[in-house]
Each structure stands twice: as structure tokens, then as C-alpha cells.
Amino acid sequence: MRERTACGTCKARSLSPFLDLGMQPPANALLGPRELEREESRFPLVLGHCGSCGLIQLLHSVSPELLFRNYVYFSSVSGSMSKHFAAYAQEVADRFVPPGGLVVELGSNDGVLLRNLLGRPLRVLGVDPAENVAEVARERGVPTIASFFGERLADEIRAQHGAASVILANNVFAHVENLEDVMRGVDRLLDERGVFVLEVPYVVDFLGHLEFDTVYHEHLYYFGVRPLMTLFGRLGFEVFEVQRKSVHGGTIRVHVRRAGQGAPKGRPIDGSVAELAALEEEEGASDPARLLRFAGDVAALREKLCSLIGELHRDKRRVVGYGAAAKGNVLLNYCGLGPDRIEYLVDATPAKQGLFSPGMRIPIKGPDLGGDRPDYVLLLAWNHSAEIMEKEQAYRQAGGRFIVPIPRVEVV
Ligand code: TMP
């Protein structure tokens, strides 16, 4: 663990804290039954912001080897994410990839996006540090290198496959401490007229919907368009289009190219860039007073949720959790909700079943709400609400209730 003293994008040494979520274990480090005997590593989970460029970021970083080498998150488990990535793949291929072109994805996970391009007259290559996840992608026909991406790997890929027409990075850019190394790699590998497209959770949604549980050690940065423009601008790139998407509680898809390709040579910079930069200003995404209000709202949410679940406990109601997602583990640890309050968690990911949640050590099972009939289900994977509610219609019709914690505590 390392304390961070300089901003990840502008390098100013003016980071200050505004939200302390306590000492927490890595949110995806699920425990096997034998690991329960051991003490877990815990690290500070403190969110701060840069007094110079305003970027919200963690004030401590945990080794990427520890966080990402053996990963339990498989993107294809959720139907909505699979659909999202299928449409995303088609759009990018249609707009930016010439016949025979190369598409490289950083943090390609189980091939959830790239597999949609396999039938097309183009080449795909995934890069992901988690060997176990990369293997699943390969089995699906997506060639994948199990490694961290940086300048060195970019040179190797270029030597073997040539320049990339498109480089993608979805839900991974905020995970990387050394963004400059990644961007140097992008610079080496990307074709002169190539496009770098990334998706990151959007800071405006993060603040507006009180998504504090998306703060975990993997997520170093909470991006808006503004700090990304600063970073890319400094490295010879420019943002030319941004789209807002609903996945992961609100996301931006950011299109980046080498600087200076606008009119009259190429496409002008789209109005969406200035529009969203202005929205971030309006919403106070880097205003210290706004961030303190956010922290106060988070503390109030904890109080409300704990008192509701405490009451249900006193009334001898059975409560379980839905989704052994990283965000769920953050919420459970922050609220101190353990197996005495939440009997078990359900999760459709086979690799998570039979394990225990980090910190709170709640057992994880496959979903069978209809069979077991708990009284209440705390919807930890609230970002998949529509999909889960649809799957669990029968449980709800039989009188089962969901507690939705974010953006406000509600029983439905
Ligand atoms: P995520 O919020 O990081 O995408 O994680 C969601 C978790 O919820 C993941 O472990 C898969 C799980 N899940 C289910 O168990 N059932 C479902 O229907 C969906 C959509 C997700």
C-alpha cells in the first residue's frame, strides 16, 4: 500500500480528503472456506480531490498484482452488460475500423466486447492481467494476452500485429495508477489516424446518485471529461466526442485521437465535449463544498440503512443480499453489516458461489430466492436492478421485498 501524494493526472501535490470509508479489504477478494482462519489485509479507503485540477481520487493505492492477477469479475454474467458491449462493438467497428484493421482492448475481461467482432473482416486482440479470465476469453475464440498493458507490451504487439485502428479501454482506465505509461503504450500502438475509446463511470452520476459504494481500491479515479481533457492534452491527444451511457450507474464513453486532426483535415470536435465539461462545472464536480455535502449524505444513508436493517432484525425478519459485487462488499463493510444481519448473499457467478464476502465474511450462494423465501433482499447490485427484478418476479409476487440502498434507501 502506498499513500498517494500527487494527482494522477495533473501531478499537483494538493490532494485533500473528503470521505473516509474506513479500513477495508480489497472489495473483490472473496475468501475460500480455508481462508477464514486467516486475518485479511485491510487498507485505508479514503477519497480525496485535487485542489488544482479537481479530479476525485483515492488517497492510497494497493498493488495491482494483488488486485488484478486472479480476478473474480466476469463481465458476461450480466445480460445488460453483454447487450451494452455488443452494441458498442458494432458501433466502433462500423465507424472506425477499416477492413483488416486491428482492434485491441485493454482490460478485455472474458471477451465480452471483442467476441462480438469475431465474424467481421477485422482482427481482434485482448489484453488482461488476469490469467483465469483471459483463459475464458481464449476459449471463446478471443485471442488474449494475460499481462498488464504499458509501453513495452505495446511495442511487442505492434511488432507482431502492426498498428491498431482502435484501442479500447472499458472500466479499466480508472484502475491504473500510471496513466502516462498506458498512454505512452497507446501512442506506440495506435495508428496515426486511429481512435482510442474508453468508458469510465461518470463523476456527475457518481455524485448525483450517491454512488459511494463504487469507491474501492481498484477505482483510483472518478473521472469527468475535464480532467481527461487535461491529461490527454498534456500527452498530445484530444477528446473529440463523448457519449453518456446508463451502465454501471452512469458512464461516459470518451473518444480520443491524436491532437490536431480537426477541421479542415478531419472531423471537428463534437459539441458533446464542451457540453459535458460545462455540466461538470455546474454540478460542482470539483467544488469542495459540494464534495463535503456528498460525504454528509453518505453518512446519513448509512444511518438510515443500518436502522432499517436493525429493526428488521429485531422483528426476526430474514434478510439476504443480492450480488456479491465489489460495490456490495464496500457497502456492507462501511455499514458494518455482517452475517448476523445479512444471512447470505446470492450471486449468479459460479466462481463466487461457496466463497465468503471480504471483511464481513457472509457466505455466497447461487440465487434461489423462490426456494428459500427470505423476507427481504438487500439489492447490493443496484446497477442491475431492472434485470434482477425481472428475474425475481415470482419471489416478489409471493410477498418478497427488496431493499434498494442507492441512491436512497427504499423498500420495494
Ligand atoms: P457489477 O455491479 O460489478 O456488475 O456486479 C454485479 C454482480 O451481481 C456480479 O457478481 C454478478 C451478479 N449478478 C447476479 O447475481 N444476478 C444478475 O442477474 C446480475 C445482472 C448480476
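The values are calculated or read from the model by the stated rules, or taken from the named source; none is laboratory data. Predicted, not measured: the structure shown is a model, and the values here were computed from it. Reconstructed Cβ throughout: ideal geometry from the backbone, glycine too, with neighbour counts over all protein chains shown. With ligands, DNA and RNA removed, areas are computed over all heavy atoms of the protein, side chains included. Shrake-Rupley method; radii C 1.70, N 1.55, O 1.52, S 1.80 Å.
Can you say whether Glu343 is out of contact with any Cys (no Cβ under 7 Å at 6 or more places or on another chain), surrounded by 13 or more Cβ atoms within 10 Å (Cβ to Cβ), in contact (Cβ under 8 Å) with a residue 12 or more places away in the chain and under 22 Å from Cys53 (Cα atoms), as far as the supplied structure shows? Against the criterion (out of contact with any Cys (no Cβ under 7 Å at 6 or more places or on another chain), surrounded by 13 or more Cβ atoms within 10 Å (Cβ to Cβ), in contact (Cβ under 8 Å) with a residue 12 or more places away in the chain and under 22 Å from Cys53 (Cα atoms)), Glu343 does not qualify.
Report yes if Arg244 is open to solvent by 50 Å² or more (accessible area, probe 1.4 Å), closer than 30 Å to Asp347 by Cβ, assigned to a strand (DSSP E or B) and in contact (Cβ under 8 Å) with a residue 12 or more places away in the chain, otherwise no. Against the criterion (open to solvent by 50 Å² or more (accessible area, probe 1.4 Å), closer than 30 Å to Asp347 by Cβ, assigned to a strand (DSSP E or B) and in contact (Cβ under 8 Å) with a residue 12 or more places away in the chain), Arg244 qualifies. Within the stretch 130-167, the residues that satisfy the criterion of being open to solvent by 20 Å² or more (accessible area, probe 1.4 Å) and either in contact (Cβ under 8 Å) with a residue 60 or more places away in the chain or closer than 21 Å to Gly79 by Cβ (or both) are Glu131, Asn132, Val136, Glu139, Arg140, Gly141, Phe148, Gly162, Ala163. Taking Asp94 as the residue in question, decide whether it is of a type in the set (Asp, Glu), open to solvent by 70 Å² or more (accessible area, probe 1.4 Å) and in contact with a strand residue (DSSP E or B) (Cβ under 8 Å, 6 or more places away or on another chain). Against the criterion (of a type in the set (Asp, Glu), open to solvent by 70 Å² or more (accessible area, probe 1.4 Å) and in contact with a strand residue (DSSP E or B) (Cβ under 8 Å, 6 or more places away or on another chain)), Asp94 does not qualify. For the stretch 352-365, filtering for residues that are closer than 25 Å to Asp315 by Cα, among the hydrophobic types (A, V, I, L, M, F, W, C) and within 14 Å of the ligand (Cβ to nearest atom) leaves 2.
Say whether the condition of being at pLDDT 95 or above and over 30 Å from Pro99 (Cα atoms) is met by at least one residue in the stretch 250-267. Yes - at least one qualifying residue is present in the stretch 250-267. Taken as a whole, the stretch 333-344 holds no residue that is in contact with a helix residue (DSSP H, G or I) (Cβ under 8 Å, 6 or more places away or on another chain), basic (Lys, Arg) and within 16 Å of the ligand (Cβ to nearest atom).
Would you pick out the residues in the stretch 32-91 that are under 18 Å from the mean Cα position of the chain (by Cα) and hydroxyl-bearing (Ser, Thr, Tyr)? Hits for the stretch 32-91 are Ser61, Ser63, Tyr71, Tyr73, Ser75, Ser76, Ser78, Ser80, Ser82, Tyr88. When we screen Asp287, Asp368, Asp375, Asp315 for residues that are out of contact with any Phe, Trp or Tyr (no Cβ under 9 Å at 6 or more places or on another chain), acidic (Asp, Glu), at pLDDT 95 or above and within 16 Å of the ligand (Cβ to nearest atom), the only hit is Asp368.
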